[in-house]
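Some notes on the structure that comes next.
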Amino acid sequence: MCEQTTAGIESAAEEVRGADLGDRRLSRRLVGIVQAVEKDPSKSFTATMVADADTEAFYRFLRNPRVSFEQVLEPHFAATRARAAETGQVVVIHDSTEVKHSSATPEGGFYRLKSETYGYLGHFSLCAAEEDGVNLRPLGLVHAEAVERNKTPVKGGSLAQWKNPKKESRRWGRGARTVKKSLGPEVAVIHVMDREGDSYEIISELVETGQDFLIRLKSDRRVSGAEDLRVIEAVERGEVILEREVRLSARGEDRPPQTKKKHPPRSFRTTRLAIKAQSVEILHPNWLPKIFPRQIPINVVRVTEIDPPQDEEPVEWTLLTTVPIEAPADVERVIDLYRGRWLIEDYFKALKTGCTLRKRLPETLKTALVMMAVLAPIAWQLLLLRYLERKAPTAPATRLFKKERLRVLRRFVPKEAALPPRASVRHVLTAIAKMGGHRKSNGPPGWQVLGRGFQRLLELEAGWRAAKEGD
């Protein structure tokens, strides 16, 4: 576990500088686009362009066959790899999200989504560093892909589904393999996945290649020992190792049906959890080919809510992991790692809401993916700002920015948000939000306000440097 103490937020344009697009003019155009967009990521692309010629050049860039979203994202991936190498040990959270566009049609190459709309399924791997034994600090994306949707259902049972080369669930294994190859042997990785990542095939591959993971149980598999004994029953036979009080955030009704089905609405409440842990050997499913191991040793952590409200669904997790569970502190770490999975949900909010990805109007799937790649590093910047605001508000301001940027902020911030001599992260975030137009009466600053304030600071810093160079 590692705590970073050096400043980590620079201009999002630096995250795409050096993209190899096969033409220096295209690479320069990409940097210029990101510099324009990050001034206010909530605005449309055309609204951020200075002149009509810039807008025309932007759309030529999107349509250029030599420009792919993988090329645009590669410099950000490289920067993330460098940040991961500094820590030596990271957590990589994998998850998917549907990206809908009102302009999307099948003629443009878009896929039909579950909600009867069109868009694409994006699969992302977000890299983070453990801090204080509890929090996960976002380091950036290390993998992203658009998943080809199955246009025609595959007939047959589980084996026929497994043999399908376009099986959508294979994205979880691809993501883990890409991360391992990308980060290399020098960086220790713990993969975190939700229930969709629960696959005997994925688990066996991760164990065989010596990769640590934490996956929420979906299939209550058989375990070795008594006949027909399953994972949950095996763990429930054990004693409660510890109890823990946690705060559960509220989940409202105003959400998509699929989201509500997966995560039912609930009110905010403080509750107590009972935790059990057990080491078991899960058995090979009967339908799966025998190329996979007959059984796999694995640790299981079971979390259940004590005395849940009668009118709400109780908290219940069963987690499969290779992370140690020998001591209560080890088990608590497993729980914190899984709770940290919500960091990627915040990333999706930063991308879709803070950068208004869903409101963009791409013509084709190709242009939609390039748009996403342009916005992805900016979304990470917003996520990091919000993370530090929430998780490390009293940390020194130097944790957030270098001294020169702090001098610029002190010089130009409105008087009502002036920084004290020993400024904290909270002081800096309050100042940035104020520069973005935030009013205290509006509650905590949102994604768009932080984005505007941060870009205003970057503009002032650029002017400050230019003035110094001219002296």
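Between the beta carbons of Gln295 and Thr398, assuming R0 = 56 Å, the FRET efficiency works out to 0.65 to the nearest 0.05. Once C-alpha pairs closer than 8 Å and six or more residues apart are averaged by separation and normalised to the residue number of the stretch 217-326, the relative contact order reads 26 percent.
For the stretch 440-462, backbone nitrogen atoms closer than 18 Å to the point 7 Å from Arg410 Cα along Cα-to-C-beta are found at 457-458, 460-462.
Quick check: residue separation of Asn286 and Val246 times 0.36 nm, minus the Cα distance between them. What number comes out in nm?
Numbers: separation 40, 0.36 × 40 = 14.40 nm, distance 3.90 nm.
Between Asn286 and Val246, full extension yields 10.5 nm more.
Kirkwood radius for the chain, taken over all pairs of different Cα atoms as the inverse mean of 1/r, rounds to 24.1 Å. Here the stretch 398-439 is described by how far its Cα atoms reach on the three principal axes: 25, 17, 16 Å, from widest to narrowest.
Pairs of lysines in the stretch 217-326 whose Cα atoms sit within less than 27 Å of one another amount to 7, provided the residues are eight or more positions apart or on different chains. For the pair Ala53 and Arg339, the difference between a 0.36 nm per residue extended length and the Cα-Cα distance amounts to 98.3 nm. Our summary gives the stretch 395-470 a relative contact order of 29 percent, counting only alpha carbon pairs under 8 angstrom and 6 or more residues apart.
Each peptide in 178-188, 372-382, 202-212 receives the mean, over its residues, of other Cβ atoms within 10 Å, and ordering these scores from highest gives 372-382, 202-212, 178-188. In deg cm²/dmol and to the nearest 500, what is the mean residue ellipticity at 222 nm of the chain if only DSSP H runs of at least 4 residues count, each as -39500 (n - 2.57), divided by the residue total? Value at 222 nm, helices only, nearest 500: -12000 deg cm²/dmol.
What is the spin-label model distance, in nm, from Arg66 to Ala82 if the labels are put 7 Å beyond Cα along the C-beta direction? About 2.5 nm, to one decimal. Under 5 Å between amide hydrogens, built in the peptide plane, is the criterion, and for Ile190 it picks out Val90, Val91, Val92 among residues at least 5 positions away or on other chains.
Going by how many other beta carbons lie within 10 Å of each one, how would you line up Trp162, Trp172, fewest first?
Trp162, Trp172
Given their separation in residues at 0.36 nm each and the Cα-Cα distance between them, Asp311 and Arg439 gain 42.4 nm when the chain is fully extended. The ranking of Asp220, Asp95 by Cβ neighbour count inside 10 Å, starting from the fewest, reads Asp220, Asp95.
Distance between the C-alpha centers of the stretch 286-310 and the stretch 418-471? Whole Å please. Here the answer is 47 Å between Cα centres. The aspartates and glutamates within cross-link reach of Lys100, meaning a Cα-to-Cα straight distance under 12 Å and a gap of 8 or more places when in the same chain, are Glu116.
Annotation for the stretch 363-433: GluC sites (Glu not before Pro) lying in DSSP loop with at most 13 further Cβ atoms inside 10 Å of their Cβ do not exist.
Throughout, read-outs are computed from the coordinates displayed, never taken from laboratory work. Since the model is a prediction, treat every value here as computed from it, not as a measurement. All Cβ positions, glycine included, derive from the backbone under ideal geometry; neighbour counts span all protein chains shown.
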